[in-house]
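Encoded as structure tokens, the structure appears first; notes follow it.
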Amino acid sequence: VLNRSTCEEWFGRIRPAIAEVCSNTGMYAESWRHSLHMTPSTSAMLLSVRAALNMHVPGYIRGLKSVYQEHEGLLNAAELQASGRYEEATKVYGATIEAVNNTEEKQFIAVQALQCYLALNDWEETLSWSQKHSTDIYTDKTPYDSNYLQALHAFDMGDFTGIARHLEGVPGANINSITEELSRKGGVRVNHLTLELDVPALADPTKLLYLSQLQLLRVCGLYHNGGKLVLGAVVCFLFLLEGSFELEDGVL
């Protein structure tokens, strides 16, 4: 190939974008492959780690340590997380984040530790961590919202009034908007009620899971506050959810 060097240079420039798109659309094996061909950097490492975490392959992360020795703390924590050892991972993430100066890396650690606490259903630590590292967690790159976490906590505790109260602070999630729609339509009819999911342009599984949980919280709040009137909304939502999302081992 006469212009091989030119093609390799061009492909090298677009690999970060390709790896990011693959990661955001659930094509983690492809994201892993492209990130490995990138010039070693913090961004390349984080793309590789994110792909390995979503594929649940701690061995892949272990292999990165020979290239990114200066990020040993993050890689150790991620390896534990990929192995399902969430409690141990949170401890290593917590010890590592204070020594990190890179903003992108710090945000990654904050979000991954939060996901570990969520996996453990440890709501006290989840809320404590999210408050302590709010500037790194609540960004335009993550779907998380403090009121959303509070609503999940309320759901876990069976506090349906608390769900409705906290959802008022989540943009677009206030259950009053559904109540008003039901009033306009004169009741609940499955054929006429649609609970819209604001699906992002790129089908990021993390964001899709967040949106499905958010809609479930809204329906639970409606059912508790409105009684049997909104039973149809619950049935409708579950039908839409079953048709829109396919879960395997708790992963979208």
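Which residues' amide hydrogens lie under 5 Å from the amide hydrogen of residue 159, considering only partners 5 or more residues apart or on another chain, with H built in the peptide plane? Answer set, sorted by chain and number: none. Spacing of the modelled spin labels on residue 91 and residue 65, each 7 Å from Cα toward Cβ, amounts to 1.7 nm.
Per-residue extension of 0.36 nm, minus the Cα-Cα distance of residue 56 and residue 39, leaves a gain of 3.7 nm for this segment.
Rounded to the nearest 20 debye, the dipole size of segment 41-121 about its Cα centre is 180 debye, using +1 on the Cβ of Lys and Arg and -1 on the Cβ of Asp and Glu. Between residue 101 and residue 132, the simple label model (points 7 Å from Cα in the Cβ direction) yields a spacing of 2.3 nm.
Here, each number is a calculation from the coordinates, and none is a lab measurement. Since this is a predicted model, take the numbers as computed values, not measurements. Note that we place each Cβ from the backbone using ideal geometry, even for glycine, and neighbour counts take in every protein chain shown.
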